[in-house]
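Participant: Take this structure first; my questions come after.
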Amino acid sequence: MLASRLLSILMLLQSRGRTSARALAETLEVSLRTIYRDVDSLSAAGVPIYGGRGRHGGFQLREGWRTQLTGLTAGEARALFMTGLPGPAQALGLGEAAASAHLKLLATLPDDWRGDAERVPARFHLDPVDWFRASPPADHLRLVAEAVWNERRVRMTYESWTAVTERVVEPLGLVLKGSAWYLVARTVRTERRGPQTYRVGAIRAAVLLEERFQRPPRFDLAAFWSESTQRFEEGIYRDAATLRVSPRGWKRLCGFSPIVAAAAERTAGAPQADGRREVTVPIESVDDAAQQMLQLGGEVEVLEPHALRAALHEAGACMARLNAGAAKKAKRNAAGATPRPA
């Protein structure tokens, strides 16, 4: 543990440059006292680490000094090959580069590790597309990726839920969510300067501009995505419904979304004699909830709101009329009867 942590401190200082003790402690999940003790150990071993105090203080290696202790462990090599599974790299136009990197990494590994690493693609395959679905089109993904990498603006025609608009954006990052790609970007010449999220598949046209932009120095793509998705998931539910569900309906209900599952778990009452229980779950709208509740069939009874209960009753009655008529016609045809004229 100590040797691994000392090597990690060296790698962090070598890749980041000057780094505060607090940042090192947070990254390695240890105390400040442990970091100071480890730095003393490295210094005593002859590693040229210098420390500074004050607002811009921190630890850093002597300029030009680099460690050669960069060899991979067997587990680290397997992890790298896992991240190189085909799919996203191919979509971004990096398939050939990924294959080349794969070969170079294999060449650097010891013989007894090489076979172990080569078994990864034979035993693990990443397929992010759900059953009975196709990958959403993303015709302009490579152009957008180039803009993200080179910090160049893009003029794009974008089709949102409400309108088709043209805008110039500053691409900050790309996110692969499930099987769909999303672009995080700032819109140029608008009052709203904060980053927004766009579906790459909804970009109808895109032109890479010569104009460059300065990336926000403290922008954290992972943190932004986590916060924005949480806000979206919480904000999309504007109402609530009280239900009585069977054990089978409970399982299906919890499969709607993590937020619905958490609410159902939190509000569930004690099971009744027939195993049904009352729960309160968030809903987006009456129409949306009715479509979802129809998937539960006879496994759910809506108690509130009345509008949702009425919507399900109307939908069920309509389905019954349509299917009853079809069943009667099929029965007459099977019996050889001639249908009466209308």
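Participant: Would you pull out the residues with amide H under 5 Å of residue 173's amide H, same chain only if 5 or more places away, H placed 1.01 Å from N?
Facilitator: Excluding prolines and chain starts, which carry no amide H, the hits are 184.
Participant: So, one more: I'd like the carbon and sulfur percentage of the solvent accessible area for the stretch 143-297, probe radius 1.4 Å, heavy atoms only, ligands and nucleic acids excluded.
Facilitator: 48 percent
Participant: Inverting the mean 1/r over all pairs of different Cα atoms, compute the Kirkwood radius of the stretch 210-253 and quote it in Å.
Facilitator: Numbers: mean 1/r = 0.0680 Å⁻¹.
When all Cα pairs of the stretch 210-253 are included, the Kirkwood radius is 14.7 Å.
Participant: Once you put a point 7 Å from the Cα of residue 219 and another 7 Å from the Cα of residue 272, both along the Cβ direction, what distance in nm separates them?
Facilitator: Between residue 219 and residue 272, the label points sit 5.4 nm apart.
Participant: Also: Work through the residues other than residue 253 whose Cβ is under 14 Å from its Cβ and net out their charges, Lys, Arg +1 and Asp, Glu -1.
Facilitator: Residues close to residue 253 contribute a combined charge of +3.
Participant: Go ahead and run the numbers for FRET between residue 204 and residue 321, Cβ-Cβ distance against an R0 of 35 Å, rounding to 0.05.
Facilitator: With R0 = 35 Å, the Cβ-Cβ based efficiency is 0.25.
Participant: For residue 20, what residues show an amide H to amide H distance below 5 Å, using hydrogens built from the backbone and excluding near sequence neighbours?
Facilitator: Answer set, sorted by chain and number: 59.
Participant: Please quote Rg/Rh for the stretch 121-164 to two decimal places, taking the Kirkwood radius as Rh and restricting both calculations to Cα atoms.
Facilitator: 1.13
Participant: So for 156, 319, what's the accessible-area order with a 1.4 Å probe, most first?
Facilitator: Numbers: 156 0, 319 105 Å².
My answer, sorted largest first, is 319, 156.
Participant: What is the projected area of the convex hull of the Cα atoms of the stretch 166-290, averaged over all directions, in nm²?
Facilitator: The Cα convex hull of the stretch 166-290, projected and averaged over all directions, gives 10.7 nm².
Participant: Hey, can you find the accessible area per residue of the stretch 145-257 for me, probe 1.4 Å, expressed in square angstrom?
Facilitator: Working: 6780 Å² over 113 residues.
I get 60 Å² per residue for the stretch 145-257.
The values are calculated or read from the model by the stated rules, or taken from the named source; none is laboratory data. None of these values were measured; they are calculated from a predicted model. Using ideal geometry, Cβ is built from the backbone for each residue, glycine included, and neighbour counts are taken over all protein chains shown. With ligands, DNA and RNA removed, areas are computed over all heavy atoms of the protein, side chains included. Shrake-Rupley method; radii C 1.70, N 1.55, O 1.52, S 1.80 Å.
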